Number of protein chains: 6
Amino acid sequence: MKDFCVADLNATVSLNGFPCKPVAEVTSDDFFFDGLSKEGNTDNPFGFAVAQGNVLSFPGLNTLGISMNRVDLAPRGINAPHSHPRATESIVVIKGKVLVGFVSTSNVYFYKVLTVGQMFVIPRGLVHFQYNVGHSKASLLTAFNSQLPGAVIVSRTLFASNPPIPNQILTKTFQVDDDVINSIKSKFA
Amino acid sequence: MKDFCVADLNATVSLNGFPCKPVAEVTSDDFFFDGLSKEGNTDNPFGFAVAQGNVLSFPGLNTLGISMNRVDLAPRGINAPHSHPRATESIVVIKGKVLVGFVSTSNVYFYKVLTVGQMFVIPRGLVHFQYNVGHSKASLLTAFNSQLPGAVIVSRTLFASNPPIPNQILTKTFQVDDDVINSIKSKFA
Amino acid sequence: MKDFCVADLNATVSLNGFPCKPVAEVTSDDFFFDGLSKEGNTDNPFGFAVAQGNVLSFPGLNTLGISMNRVDLAPRGINAPHSHPRATESIVVIKGKVLVGFVSTSNVYFYKVLTVGQMFVIPRGLVHFQYNVGHSKASLLTAFNSQLPGAVIVSRTLFASNPPIPNQILTKTFQVDDDVINSIKSKFA
Amino acid sequence: MKDFCVADLNATVSLNGFPCKPVAEVTSDDFFFDGLSKEGNTDNPFGFAVAQGNVLSFPGLNTLGISMNRVDLAPRGINAPHSHPRATESIVVIKGKVLVGFVSTSNVYFYKVLTVGQMFVIPRGLVHFQYNVGHSKASLLTAFNSQLPGAVIVSRTLFASNPPIPNQILTKTFQVDDDVINSIKSKFA
Amino acid sequence: MKDFCVADLNATVSLNGFPCKPVAEVTSDDFFFDGLSKEGNTDNPFGFAVAQGNVLSFPGLNTLGISMNRVDLAPRGINAPHSHPRATESIVVIKGKVLVGFVSTSNVYFYKVLTVGQMFVIPRGLVHFQYNVGHSKASLLTAFNSQLPGAVIVSRTLFASNPPIPNQILTKTFQVDDDVINSIKSKFA
Amino acid sequence: MKDFCVADLNATVSLNGFPCKPVAEVTSDDFFFDGLSKEGNTDNPFGFAVAQGNVLSFPGLNTLGISMNRVDLAPRGINAPHSHPRATESIVVIKGKVLVGFVSTSNVYFYKVLTVGQMFVIPRGLVHFQYNVGHSKASLLTAFNSQLPGAVIVSRTLFASNPPIPNQILTKTFQVDDDVINSIKSKFA
């Protein structure tokens, strides 16, 4: 209801969203974010790095309903299947060649290999992933229609929560025995 | 913007939501649904049945932003981990003893065993499940703040989509080899 | 914009909605509510009891856009005509036989007698009621797409407000004389 | 999502809201409405007239989320207690002296006598009225944050619906006997 | 989510919108505003005055999604081209004869001369103006579907901001040289 | 309310938004857009080109609330001052060095020079511009939280509408004489 409400991340009052920094203290720098300009470190089992330009890192986005991320992927690197509970996502490839895919609630898998400058859209709340199918590093910019879209990473949600989801839930879910569940859990320990 | 807009499910125009049945043809029965009154058949590997009172089965809900389901669970039956891309869910147990749980985007697992008349809430878009921990059948009523919340069932989304998600995506995601992925896929074939 | 924001009902800051309890203090119990499991006392002139599972009694609902009530009705008991200024309502009968009805803004009365497990929907803001037409107690669960739907109970609003609405307003409204107005007012004193 | 969508009130497709007139046929007159400029006829038992500038009479308001009414009141005339299920209302008196009041869901009656140019606001969904306390005609302009706010007129809703609400509901509601209900119903026949 | 939340304009916490005054301190006067009843002073180069009934002057509007202004115009006076970033506007002429116009994003100019009681609507975010084409003073009431619609006044935005927009931006924008820009800037110094 | 609703741009029914293509005809290509991958032609007086990835060019965005544009700027090229009536905008520079600025409704000018990978946000509805301050071409990606944000280009809106805004409005607005207005109008003829 105001032009803007730059987040006061250190406020003592906790809201859904954040209180505003006093208007008199707002400067041009509050609308600026430099966290997406450098390539991330993809030296991990997933060959993956993400830099998030959401309200927690870029307080000027507070109440404005938008945010952006940068994803870097090593060759065969993956941004593992996940969903955003509060946003649609649009993707533009900045470097490399990337398979993007999502699955609808009717269980249809939609996918496409994107090269530089190409765009794809992931409807809100659906599980999707990005996978570098090229021979060199790949980078993407993603935009969300939420200041804090959140991410439910399927593998970590089921196999690495704190406390853990009991095995009986997971064996029943995947119709496998404890060995399989324990094996997967061990990868995320 | 009208009091109601009973869905014309057979309209030739497809919208996000549905066109309205002519007001002159609307009767009391359009606001009534009898699909939740009978126990579902839980004779399947998951010991699970769901009856959905959403706009597709109950056209009177169109534009009204609410829907309800009935879930029946055999002993050790599960409503497997899933998320609703477009709704918060509230749950009330009608019969039996049920473990309900969800995982936040910070990967915290919240859970509770509910008995008859007890209520639990699942924030929108988060992965959750219900599991019958009692010795007899259990039933739940769930309410959603959407006329068509949708359901992303994690296991089916990843292992039973059409067409299938390639194995290389899933082995990388769960850090397992093809055998494990193929084994799980076979359960959902 | 966050997964959840459990209401801090004792916060010194008053908002439309509530500030959040610190995330570090949130536990599974914050998403649980046990206020709907017991039958209410219907020993009153209306044969009516309601238990409300809204944000004021169940702080975990804060910002989540859903709530649920339990209504108990003695035989011939009534949940008197009222409207919810901020929500659509869906109703499922849990016990007994109940007449539910609402009136549209075009003044059409829609109604239905429901038995156990049957569902009915009341579009947002319309006047509706529930009346036990059976010979034993009846119970209903109602769901709302608001964490605090509010209730405008017609009889109390017009005849028992504080301060009272002047008689000249009410006599003109109902085209009756003071005796009738005073008589009704006396029932709600 | 477009600048505007002038309602095609004669479209064969019925929506919640209206389909748009083709853009090529839209003219300045579509954004203009002359239905509020003349005083209404208040020669009726309520001393009341309303002219509605909503999407049904002023198709250019479609999708724009605003509408305005003109209310004329004879001395002692009343715009009887009613609520708008889909809008907050603001009121400005254009002529005369008017008592405006509303009752909150906590049953508090708020009211004020307004003279020309004075403004009052009625929160969405609450029961309110306007009553001419002056010795000459009064006129008001009211604005709503909906293109079709709807109106639930309490007296007509309860006592003049089609079909009628059964007496047993109304006698129980107001704790009076059939004579009183029948008497009031007769005024609205 | 509450009936109302009268703004506490002096709260130490800054929000997008305002915290609420304690309910126990709310009185009828909180829903009343007398700032639109007097004619404004139009003795300035634009022959223009505006009185704003928004949340900053009328705290009772907080969270209610509506506000109203009064505009007074001397003969040939103008409410210069501007847009409201957060609201649709409806206009009713109270006195005089006024040209109202707006330009769509397709660059079509829609306009109309209004006399007393006539209504016009300006879709949200579009540039519009009001100009007194009569021989005497004119007055308008405008309603907005926002408690704080904001106003981007084109001339002041481009030529009188603080700090100033550099001339090279403005000469390129309007394809004129510095003299023209400096001349216009001087009128708003 | 559905996962997606790919726009049927050729539907005979006109809506605010678009009807959906039949689900059975939806393919992966509906979620893909290749219109942002090529540099635009900036050989014009403004040194400017824009490619728009909104619902009109990329029907898969329909109902999803997001869109993206690509802007190319020659050295000293400008994306002239404009506002988006229906969206906040975030900007990331892909190539070159660009001055971005906006003016708040309090008339404060906020601005920043961005280099590759840097991000800036423009609150919804505010006037803003981008200007290439480098010595080579510059490119930006912009994201919007609307499928069709619209653009009000100030210069074209005031000086090149169809039909034209009368000179008397513009001379009064900018406090200049007809010569200046006619001169600017001639640049946009």
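Laboratory data are not the source of any read-out in this text; all were calculated from the coordinates shown. Everything numeric in this text was worked out from a predicted model, so none of it was measured. Methodologically, a virtual Cβ is constructed for each residue, glycine included, from the backbone with ideal geometry; neighbour enumeration extends over all protein chains shown.
Figures for the structure shown
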{"quantity": "Other protein chain Cβ atoms within 10 Å, averaged over every residue that makes up A:49-55", "calculated": "1"}
{"quantity": "Alpha carbon convex hull of the range E:103-189, volume per residue in cubic angstrom", "calculated": "159 Å³"}
{"quantity": "Nm distances between copies for C:Val108, ranked from closest, using label points 7 Å along Cα→Cβ", "calculated": "3.4, 3.4, 3.9, 4.9, 5.4"}
{"quantity": "Lys/Arg +1, Asp/Glu -1 at C-beta; chain B dipole; positive extreme among B:Gly17, B:Leu64, B:Ala80", "calculated": "B:Ala80"}
{"quantity": "In Hz, Karplus ³J(HN,Hα) per residue of the range E:15-22 (6.51, -1.76, 1.60; θ = phi - 60°; x = Gly, Pro)", "calculated": "10, 8, x, 10, x, 8, 4, x"}
{"quantity": "Using a Förster distance of 51 Å, the FRET efficiency for B:His135-D:Val108 (Cβ separation, nearest 0.05)", "calculated": "0.50"}
{"quantity": "Electrostatic dipole magnitude of the range D:73-176 [Cβ: Lys, Arg +1; Asp, Glu -1; Cα centre; debye, to 20]", "calculated": "160 debye"}
{"quantity": "Convex hull of the protein assembly as shown built on C-alpha atoms - directionally averaged projected area, nm²", "calculated": "41.9 nm²"}
{"quantity": "Convex hull volume of the range A:1-48 per residue (C-alpha atoms, cubic angstrom)", "calculated": "156 Å³"}
{"quantity": "For D:Pro22, label point 7 Å along C-beta direction: distances to other copies, nm", "calculated": "2.5, 2.5, 5.9, 6.4, 6.5"}
{"quantity": "The range D:35-189: C-alpha gyration tensor shape, a/c 1.5 cut-off, then a/b vs b/c", "calculated": "prolate"}
{"quantity": "Charge context of A:Cys5, other residues only, Cβ under 11 angstrom, K/R +1, D/E -1", "calculated": "-1"}
{"quantity": "Dipole magnitude of the protein assembly as shown, debye to nearest 20 (Cβ charges: Lys/Arg +1, Asp/Glu -1, about Cα centre)", "calculated": "0 debye"}
{"quantity": "Net charge of neighbours whose Cβ lies under 13 Å from the Cβ of B:Asp179, counting Lys and Arg as +1 and Asp and Glu as -1", "calculated": "-2"}
{"quantity": "Charged-residue dipole, Cβ positions (Lys, Arg, Asp, Glu), chain E about Cα centre, Debye nearest 20", "calculated": "500 debye"}
{"quantity": "Whole-Å distance, taken between Cα centres, linking the range A:127-189 and the range C:163-184", "calculated": "65 Å"}
{"quantity": "Of A:Val127, A:Leu140, A:Phe188, farthest towards positive along the dipole that unit charges on Lys, Arg, Asp, Glu beta carbons give the range A:98-189", "calculated": "A:Leu140"}
{"quantity": "GNM result for chain C, Cα springs below 10 Å: residue of C:Leu148, C:Leu126, C:Leu140 fluctuating most strongly", "calculated": "C:Leu126"}
{"quantity": "Theoretical ellipticity at 222 nm over chain F - DSSP helices of four or more residues, -39500 (n - 2.57) apiece, nearest 500", "calculated": "-3500 deg cm²/dmol"}
{"quantity": "Of all chain C residues, the one whose C-beta is nearest the axis that brings C onto E, in angstrom", "calculated": "C:Val13, 3"}
{"quantity": "Shortest-first nm distances, C:Asp34 label point to equivalent points in other copies (7 Å, Cα→Cβ)", "calculated": "3.8, 5.5, 5.5, 6.3, 7.0"}
{"quantity": "The range A:41-119: Cα Rg divided by the 2.2 N^0.38 Å rule of thumb", "calculated": "1.21"}
{"quantity": "Net +/- balance of residues flanking F:Ala74 in space, Cβ distance below 15 Å, scoring K and R +1, D and E -1", "calculated": "+3"}
{"quantity": "Entries of D:Lys2/F:Lys187; B:Lys112/C:Lys2; E:Lys21/F:Lys112; E:Lys95/F:Lys185; C:Lys2/F:Lys2 with Cα pairs more than 30 Å apart", "calculated": "E:Lys21/F:Lys112; E:Lys95/F:Lys185"}
{"quantity": "Point-to-point label distance, B:Asn167-E:Asn44, nm (Cα→Cβ direction, 7 Å offset)", "calculated": "7.5 nm"}
{"quantity": "Separation of the A:Asp177 and A:Asp29 label points, Cα + 7 Å toward Cβ, nm", "calculated": "6.1 nm"}
{"quantity": "Förster radius 41 Å - calculated FRET efficiency between E:Thr115 and F:Leu56 (Cβ-Cβ, nearest 0.05)", "calculated": "0.60"}
{"quantity": "For the range E:162-167, Karplus couplings with θ = phi - 60° (6.51, -1.76, 1.60), whole Hz, Gly/Pro x", "calculated": "10, x, x, 5, x, 4"}
